[in-house]
Amino acid sequence: MNNRGYKLAFFLSVLLHVGAIAGLFIELKAPNDVPLRVENKPNIIHAVAINQETINAEIEKISQQKAQQKQAQLTLQRELAQQALQIKQQAAEKIKLQESAAKLQHDYQQKIVDLKKQQAKKNQLDAKQRHTVKKESSKQTASKQQQKDREQINLAKREADEKLLQEQVAKEQQERQRLRGEQQVIEKYKGLIVKAIGQQWLVPKNLDKSLACNLLVTLAPGGSVLSATLIKTSGDSVLDRSAIAAVFKASPLPVPTESELFDKFRELRLTVRPEGFLS
Amino acid sequence: MMVNQACRGFLLFFVVCFTGLAHASLNLELTQGIDAAIPIAIVPFKGNDTLSQIIQTDLQNSGHFKVMAKQEIEAFPASPDDVNFAYWKKTGVNALVVGKIDSQGDNYQVTFSILDVFHGSDPQNQVTNTKVFTVKKADIRQLAHHLSDLVYEQLTGEKGIFSTRIAYVLIEHPQGMPTKYALVVADVDGFNPKPLLISDEPIMSPSWSPDGRELAYVSFENNRAEIYRSEVASGKRELLTSYPGINGAPAWSPDGQKLAIVLSKSGYPKIYTYDLSTKLLSQITQGSSIDTEPSFAPDGNSLVFTSDRGGSPQIYQVNLSDFDIQRLTFDGSYNSSASYTSDGKNLVLLHRDGGLFNIAILDLGSGKVTNLTHSGLSESPSVAPNGKMVLYGSLYGGSGILGIVSVDGQVRLQLPSRDGDVQGPVWSPYA
Amino acid sequence: MRSNKNIIFWGLMVLLSVSGCSSMLGLKDENPDIYSAKVAARQAAIAQGIGEHASFAATDQSIRHLQAAPSDQTYYFDFDKAAVKKDYVDSIDSQAKYLLNTPNAQVVLEGNTDIRGSREYNVALGENRAERVAKILKLNGVSTKQIRVVSYGAEKPAALGTSEDAYRVNRRVNLKYEQRS
């Protein structure tokens, strides 16, 4: 009796191991379906006759299930045990249908091999030695991690963009303030220049006060007048010449010393229109 | 995100461009200057500096120029090519007059230039007015005055009066001899006086024709008041009126066709117009008052005159079409001898205030009377053709002298005195 | 204290002498009004000596005006007035009588004024004065043919200068016989 017990046990154990290994190979079979389809054995043909769409769908599901199986170790083991039993049954059936399904199986296995390769690759990418479940779960974690990383990268990118935007806004504000301060300096020097020229401008008497002439004045650094050209006559040459003389007489004109600011003063457009007297 | 960045980039680009454009030249506006005399230097002309002296005196006396003193001049260019602009800029003058004179027998050849000192390096701006004249030596003063006119006009835009003339009555009291009266024409600076008429009896109230070629005046040479006209150049004269009583105060109309005169043949001194071609008289004023001293408005449509119809001498205006009369002076108890400035906006007149007779200007718009002289001994104001200066008579040191004052009161000149008393001066029109 | 008093004293002395000098130098005074007034005063004095007409007997305002006729007369007037003074009426009447009796006699009445103011207005004023005298003659019956009126205004002054005396002698009508018979 003991020998028979051992043999049985031994045989069962081997079978279990083979079954487990086989189970590894054929885990792609929709495990959910299997218990349901115990009754619908003919439907397995559908399950076995795997088409492209189904494979794609299953690939997707693998990804999803890896996440699930992390938490359901025991469930899986149970299922595997169930599978072992079912595999036994199925193995028997398979042997029956082997020849008819040989090709398909081969294809199927080929796909399994491919997928296995993918998985192996994935395993290689994943964290180190754990249980099958752990491997799977670590794979899941890894891919989840990848997803997280991607998300984090995106987030970091977004944050970096935000920061850049803020920096740009701050920069522009600074620029605006600088320009405003600059504008005040410019206005101040404009006023000084007009006053300096005005103090040299001998207004011809009995002038038609509606007349005006335009001069283009160019300055060298330091304010020396390089040229004062009439670009629009007032119609009264005496008025025009009095304006030009005044510009030259007032040279050098007061200009900012800082070269960037002075650049704005290199060229002046002066409108001369007699309206009143300074003294 | 990408779009956002692109937008921002674009905006920045535009902003930079915009400021870049505005940065090309600043806009300024000058609306106030100063009312000051134009600084100028008259460099003694090479060859003879009489001309430059005359120009200097003319321009300085006008009040519009500050002429650099001759002794301060250190450079003596004779033509624009000789001019060292750097030196002249330092002197502070705005303009320069240079020239030279060559003697050619009975004539002078005169070359002269007016330059803007502050013309810049742009040759288009350089104003050089170089002219060459050939004149008889005797006319050199006249040329000098003409050059003064050219300088004045170029630099102020107004017509110069340096070539105008004056007429006046000269009274000499040679010792032990009877008084001599003369009607004299001279340059505006008093030089070159030439008698047009010499008489033993008074001459009064000369008046220039609008073309400056004739004088009308009152002469008592026949022991009565009579109005004559004389051609200045030839001396040719014609008796115009010799009515009983007063024949006085002839005033030429702006179109030269008639004279306004005073006749008392009706029993009282009244204003008449006398047509020079038809010799017809037209009575303008009526009544028993003294009406005298008519003077045409620049448009010839009305006259101002002196009348005591209100009790004391005041200025009235009469419209020549409807004879409507308006009183114009209300300030002071004695106003007389009025004439218009050329713009028709003011009257220059004789105004008494507290016993003092002074030349004054009445702003017809505001009614304000402003004294131009203050000695209290003034008479016979006559306005220059540019409306800016007034020639008048005054007593100075007991003698009758002539003075010139500008209508803004800033220029005061005295003409060189003569042997004798000078009175009743009148300023000619433009030559 | 004594030295202070000295300084004050001499200071005053200096001041007085200087002011004395400047009054002497008044001739150099820039103000033409003062100058001409002073010179005029001096001139009036001078003019008195070499007056063209007879001496200042003409200023004699005595009531006893010459009533002899024919005789040239000078009648004086108040400032800005043409009214003939009562004192002159007898004199004018005398001339009138003579003229009535001597039809060929001719008089000229020359109207004059002082030099102040407008010359042409003064001509009119002078005429006014002369006409007033003429009126009296005419009221006496003298014919206008024997009377000539001319006004010289301020153009023939009897005395030069700007003193009140000069003004007074200039405000006059000269009655002159151009023809006595």
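For region A:137-197, the Kirkwood hydrodynamic radius from C-alpha pairs, put into Stokes-Einstein at 25 °C and a viscosity of 0.890 mPa s, yields a diffusion coefficient of 155 µm² per second. Listed by chain and number, the aspartates and glutamates whose alpha-carbon sits under 14 Å from that of C:LYS156, ignoring those within fewer than 8 places in the same chain, are B:GLU172, B:ASP200, B:GLU201, B:GLU221, B:ASP421, C:GLU52, C:GLU110, C:ASP114, C:GLU120, C:GLU127.
Counting every other Cβ atom within 10 Å of each residue's Cβ, B:MET68, B:MET389 order from fewest to most as B:MET68, B:MET389.
Sorting B:SER366, B:SER333, C:SER163, C:SER118 on the 10 Å Cβ count, fewest up front, what's the list?
Working: B:SER366 7, B:SER333 12, C:SER163 17, C:SER118 27.
With the sparsest Cβ surroundings first, the list reads B:SER366, B:SER333, C:SER163, C:SER118.
Per residue of peptide C:121-132, the mean number of Cβ atoms on other chains within 10 Å of the residue Cβ is 6. The long axis of helix B:140-156 is offset from the longest Cα principal axis of chain B by roughly 50 degrees. Distance between the modelled labels on C:LEU139 and A:GLU159, one decimal in nanometres: 12.9 nm (7 Å Cα→Cβ projection). So how far, in whole Å, is the C-alpha centre of region B:329-398 from the one of region A:51-94? Computed from Cα coordinates, the inter-centre distance equals 129 Å. The slack between A:LEU125 and A:ILE231, meaning 0.36 nm per residue of separation minus the straight C-alpha distance, is 30.3 nm.
Name the lysines eligible as straight-distance cross-link partners of A:LYS171: C-alpha to C-alpha under 19 Å, and not fewer than 8 places from it in the same chain. A:LYS171 reaches A:LYS163. Mean silhouette area of chain B, derived from the convex hull of its C-alpha atoms and averaged over all directions, reads 32.8 nm². Out of every Cα-Cα pair that region B:59-148 contains, those further apart than 15 angstrom amount to 64 percent. Across all directions, the average flat footprint of the convex hull enclosing the Cα atoms of region A:166-279 is 8.3 nm². Only lysines eight or more places from B:LYS137 in sequence, or on another chain, were considered; those with a Cα closer than 21 Å are B:LYS46, B:LYS100, B:LYS194.
Among B:HIS145, A:HIS17, B:HIS374, a tally of other beta-carbon atoms within 10 Å of each Cβ gives an order, fewest to most, of A:HIS17, B:HIS374, B:HIS145.
Looking at region B:219-280, the trypsin sites (Lys or Arg not before Pro) that sit in a DSSP loop and have at most 11 other Cβ atoms within 10 Å of their own Cβ are B:LYS236, B:LYS279. Applying a threshold of 22 Å to the alpha-carbon distances of B:LYS136/B:LYS159; B:LYS159/B:LYS345; C:LYS81/C:LYS138 flags B:LYS136/B:LYS159 as lying beyond it.
For chain B, the longest piece that avoids every one of the chymotrypsin sites (Phe, Trp or Tyr not before Pro) found in DSSP loops with at most 15 other C-beta atoms within 10 Å covers B:1-190.
Only the coordinates and a few stated rules stand behind these numbers; no lab work does. Quantities reported herein were computed from a predicted structural model and do not represent experimental measurements. Heads up, the Cβs are rebuilt from the backbone with ideal geometry, glycines too, and the neighbour counts pull from every protein chain shown.
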